[in-house]
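As structure tokens, the structure follows; a few thoughts come after it.
Just so it is clear, none of the values below were taken in a lab; they were calculated from the coordinates. Keep in mind it's a predicted model, so treat the numbers as computed, not measured. Heads up, the Cβs are rebuilt from the backbone with ideal geometry, glycines too, and the neighbour counts pull from every protein chain shown.
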Amino acid sequence: MNHILQLEPTPLDGIQYITPPGGYLLSGRDGMVAILWDGKPPIPLLEEDFFSLDTGVPDYDMVGRGIYQALRLNPDCAGAGIYAAVLNDAYPHIISELGAQIIMLDEKEVDTPYLDRKINLLKIMALLDPENGRLPLEIARTYVDKGSNLSSMQHAVSCWYAAEKLLQTALRLNPEDHHIAYEYGEALYVLGRYDRAVEVWSEILHLLEPAERSRVESRIAGIQAGKIPMVPPLDYLTAISIAVEQHYSGNSADAVSIIQDVLADTIFSEQFPMNQVYYLLGTCYQEIGLMAEAAEAFRRS
């Protein structure tokens, strides 16, 4: 048995790669699948499949299992686009399972493991359908959820920057969708790119319903009048994530100081949901014995 383990592909837990011999034909489904592998990247295999091979090449099922797991682990891995094309051409049952997994995750509570799984599955779908602007939009929304939730706010910077890029892609694919444009402007606002947010929002005002237009015009007027947070909102989200870390490290007094500094910026606290933050503040007050202050914070959560 002559396995060629490649170093170039993206290392993934539980995955081994092989390069099949020239002329290797991926075949299956009673002759309905026949894909020549020449010129394609090394094949990812589950470790148990890799070590159980008794010939120099994997079979149809092994290749499908390996590619699907590799993409689920890292849809940005080297060769991801080619692997997704193989799934699309040769494994309709895996594509169906992928769609079912995304639907199931939509019914789950918003916590970090589910959000991470949803992001990866949506990224695979985007590889399969790169011209579908709804997919980068949904990925961006999931990143925003992750970057705005207390339990995962330590990832706020990477999540919001990823969301901004994905919303830009979604808008390029669907330039007439004013909902995408609004969300893109919101991401720009969170990143502190206020002038660009005004540009994006101004371009869609004529497409909005009166109540919606009034709300967006108010946001634009606030920016132009200088009524913006003292620092970019993303900086406050980062500060809140530090407060969470201090709380879990037993330094609730330090967490209180950080949260109070954030809430002192009334523009930020009015524009962004603070329920979770007030609950955290109440918990910290309790831990340092300030019960009246804790009760007030819980009341506002």
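Worth a mention:
- Of the residues 291, 204, 238, the one whose Cα sits farthest towards the positive end of the charge dipole of segment 184-301 is 204 (charges of +1 on Lys and Arg Cβ, -1 on Asp and Glu Cβ, taken about the Cα centre).
- Alpha carbon centroid spacing (whole Å) that separates segment 170-188 from segment 223-301: 30 Å
- Estimated at 0.36 nm per residue, the fully extended path between residue 38 and residue 231 surpasses their Cα-Cα distance by 64.2 nm.
- The HN-Hα couplings worked out from phi for segment 166-173 by the Karplus form 6.51 cos²θ - 1.76 cosθ + 1.60 (θ = phi - 60°) are 5, 5, 5, 5, 4, 5, 4, 6 Hz, whole numbers, x standing for Gly and Pro.
- A straight chain from residue 196 to residue 52 at 0.36 nm per residue would run longer than the Cα-Cα distance by 46.3 nm.
- Whole-number percent relative contact order across segment 243-300, with pairs defined as alpha carbons under 8 Å at least 6 apart: 31 percent
- Anisotropy class of segment 243-300 from Cα gyration tensor, a/c 1.5 cut: oblate
- In segment 33-187, lysine pairs closer than 16 Å at Cα, eight or more apart or cross-chain: 6
- Helix-only CD estimate at 222 nm, as mean residue ellipticity for the chain, using -39500 (n - 2.57) per DSSP H run (n ≥ 4): -20000 deg cm²/dmol
- On full extension, the segment bounded by residue 111 and residue 74 gains 11.4 nm, given 0.36 nm per residue less the C-alpha separation.
- Angstrom value of the Kirkwood radius, inverse mean 1/r, which spans all Cα pairs in the chain: 22.3 Å
- This model, with +1 at the C-beta of Lys and Arg and -1 at the C-beta of Asp and Glu, gives the chain a dipole about its Cα centre of some 420 debye.
- Loop sites here are trypsin sites (Lys or Arg not before Pro) outside DSSP states H, G, I, E and B with no more than 14 other Cβ atoms within 10 Å. The longest part of the chain free of them is 109-226.
- Cα-projected label distance for residue 217 with residue 292, points at 7 Å along beta-carbon direction, nm: 4.6 nm
- Mean separation of Cα contacts under 8 Å (6+ apart) over length of segment 199-281, as relative contact order %: 24 percent
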